[in-house]
Every structure is written in C-alpha cells, then in structure tokens.
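All remarks here apply to the structure that follows.
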Amino acid sequence: MPRLVAFGLLLGLQAACGLVFVLDILLSALGIYPAPLSWTLRELLEIGAGVGLCLGMVLGTLLVRRAIRDLDRAEARLERASAAFVDLLNARFDQWGLTTAERDVALFAIKGLSVQEIARLRETSEGTIKAQTAAIYRKAQVTGRPQLLSLFIEDMMGAERDAATRLDSAA
C-alpha cells in the first residue's frame, strides 16, 4: 500500500507541475491574461514546476526500477516452483511406474485437457486415452482426475509446510 500511495503522490506532483506550464501556454494562446505576477514570483513558480517535474521523473524511475526488480524476483520464485512441481511429477510418475505414454497422458490430464483433446494431441483414439487414464488412476490408487490432482496439491502443500518448518527450526 505505501508504494501505491507514493505512486499516487508522484502522479499528483507531476500533474500539478505540468498543469502550471500547460495553463500558462493555454491562457496566453486564448488571450486571457490573469492578474500579473511579479517576475520573481513567476520565475520561482516555473522553477518550482520544473524541479517538481524532474523530481517526479527521478522518483518515477526509482519506482519503476523497484517494480521491475520485484517482478524479476517473482518470476524467479515462479520458475523455482515450476521446477519443483516438475520434479514432484516425475518422482510420482516414477513411483507409480508409468510408461512414457501414460506420463504424457497424465500430464495432459493434470493440465485439464479433455480425453478428446489428449487424443487429438497424441494422435490416437479416445479409447486408447481412456484406457491409459484408467491405468494411471489404478497405479496412483485414485478414482479420477480430481483425486489425482489433489495428490499433487497435497504434496506441494506438504513441501511448503516442510520448508517453513525447516526455516522456523533454523531460526
């Protein structure tokens, strides 16, 4: 939330500073001349607006750099989590003794593809895919896709708990 407030203040500062210059030009173009300001006050106003725009540019750059750094960190965490999930899939597939074809079908099923979509991707019949999914469910000792998915979700949650427990015990 503080970053959002900082961003809002930054936009407000830049908008106010830009408005000073735009109003000055617009009023001159329309031939509207407000009460005259002393040259000193006018110069101070323009210098302040210019400094405000420069400050806004510097702060904006810092906010964008920070956001990019946070995005890079999030992408790295996602990449590590994806790799861990693939490792988990392969360990389970090995444990169940799935064939190469069954591994492909299981992966497609976990991704949420239908029997028809899997058959089309694997260039085989729907009957073959149904037989392979039945073999996968039997080897995994589950009754269907929801239970198969829940095994992996439970494994990931268990790994997350184990990592948190290790961090707590190390502290």
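Every number here is computed from the coordinates shown, using simple stated rules; none is lab data. Treat the numbers as computed from the prediction; the structure is a model and nothing was measured.
General remarks:
- Translational diffusion of the chain, estimated by Stokes-Einstein from the Kirkwood radius over alpha carbon pairs at 20 °C in a medium of 1.002 mPa s, is 97 µm² per second.
- 3J(HN,Hα) couplings calculated from phi for region 8-22 with the Karplus curve 6.51 cos²θ - 1.76 cosθ + 1.60 (θ = phi - 60°) are, in sequence order, x, 5, 4, 5, x, 4, 5, 5, 5, 5, x, 4, 4, 6, 5 Hz; Gly and Pro show x.
- Stretch gain in nm, segment Met157-Arg69, where the contour uses 0.36 nm per residue and the Cα spacing is subtracted: 29.0 nm
- Using alpha carbons only: equivalent-ellipsoid semi-axes of region 1-77, gyration tensor based, whole Å: 36, 12, 9
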